[in-house]
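The structure under discussion appears below in the form of structure tokens.
The values are calculated or read from the model by the stated rules, or taken from the named source; none is laboratory data. Predicted, not measured: the structure shown is a model, and the values here were computed from it. Cβ placement follows ideal geometry from the backbone for every residue including glycine, while neighbour counts extend to all protein chains displayed.
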Amino acid sequence: MQLVSVSSTNNYAMAQVHAGLAGHGACWFAHQQTEGKGQRGKAWLAEAGQNILMSIVLEPRHLFAYRQFELNSAIALAGYDLFSNYAGDHTKIKWPNDIYYKDRKAGGILIENVIQGNVWKYAVAGVGININQTDFSPELPNPISLKQICSKTFDPVALAQELCGFLEKRWHQTKENPTEILENYLAGLYKLGETATLKTGNLIFKAVIKGVNSKGELVVDKGQETAVSFSEIEWLIS
């Protein structure tokens, strides 16, 4: 369903879930978000009518709640599938779920969950991908859009429909071949085998990105291998 303007597609979708008006596969595309949401409580800033701003409702009952990173990987891979289909091999997934082109951010994902006891009832997966926007807020340090890469204008609605096809493919993969999900995720991982600058608390350090484990922790080598969670660490990209 298309929405002309909404505060946040994730907020809208979650409200529909709680009202009992949405089930698995329900999807909303917004031409404008007035209060878009990103990771770590940050705002997602996007020009009206130029980008993919959408949320999809999923019922991950075949997954245990502790396997949330598996779903995260599947959604990130769908965004990667779409973007790399046009932008090519420089497309990567920056852990945990940003879509990058070289060292610039092209998209992001925010997954919000409804878990009751041990039952993972719903996940609302919000996806934002820069398509035609070329003028970005100075608050965004390193954005890039598909138009800037390909030097052509795209139809965001048509690309959102294409993205839904990739989402469906990756969703089925979580059921039929879940071990392949992490393998595919690692194959597209940003900075894999390279040195990155990271920050934890007030400490800035360099480490080699070794991979991601099944818990969704980033594995780094800074003299010895260690695994860190998303809440513990921040990327610093110049």
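Data overview
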| read-out | value |
| --- | --- |
| Residue among LEU21, LEU63, LEU3 that is among the aliphatic types (A, V, I, L, M) and in contact (Cβ under 8 Å) with a residue 40 or more places away in the chain | LEU63 |
| Any chance LYS169 is assigned by TED's automatic domain parsing to the domain that holds PHE83, under 25 Å from PHE83 (Cβ atoms) and not aliphatic (A, V, I, L, M) | yes |
| Matching entry among LYS191, LYS199 (being touching a strand residue (DSSP E or B) at 6+ places or on another chain (Cβ under 8 Å), basic (Lys, Arg) and at positive phi) | LYS191 |
| Number of the exception - GLY216 against (1) outside the structural domain of ALA125 (by TED's automatic domain parsing); (2) surrounded by 13 or more Cβ atoms within 10 Å (Cβ to Cβ); (3) touching a strand residue (DSSP E or B) at 6+ places or on another chain (Cβ under 6 Å) | (3) |
| Where a residue in segment 95-110 is among the β-branched types (Val, Ile, Thr) and its partner, wherever it lies, is crowded, with 24+ Cβ neighbours inside 10 Å and assigned to a loop (DSSP other than H, G, I, E, B), with Cβ under 6 Å and at least six apart | ILE109/ASN97 |
| Any hit, segment 80-87, residues being in contact with a strand residue (DSSP E or B) (Cβ under 7 Å, 6 or more places away or on another chain), at pLDDT 95 or above and assigned to a strand (DSSP E or B) | no |
| Any chance HIS90 is farther than 19 Å from ASN184 by Cβ, at pLDDT 90 or above and surrounded by fewer than 19 Cβ atoms within 10 Å (Cβ to Cβ) | no |
| Residue count, segment 186-238 (criterion: in contact with a Lys or Arg (Cβ under 6 Å, 6 or more places away or on another chain) and under 22 Å from LEU140 (Cβ atoms)) | 4 |
| Members of segment 1-29 that are at pLDDT 95 or above and assigned to a strand (DSSP E or B) | CYS27, TRP28, PHE29 |
| Entirely in segment 125-187, the helices (runs of 4 or more DSSP H) that have 3 or more residues that are farther than 21 Å from CYS27 by Cβ | 146-150, 178-187 |
| Every residue from segment 218-228 that is modelled with pLDDT under 95 and under 11 Å from TRP95 (Cβ atoms) | VAL228 |
| Meets criteria (of a type in the set (A, V, I, L, M, F, W, C) and at pLDDT below 95) for PHE69 | yes |
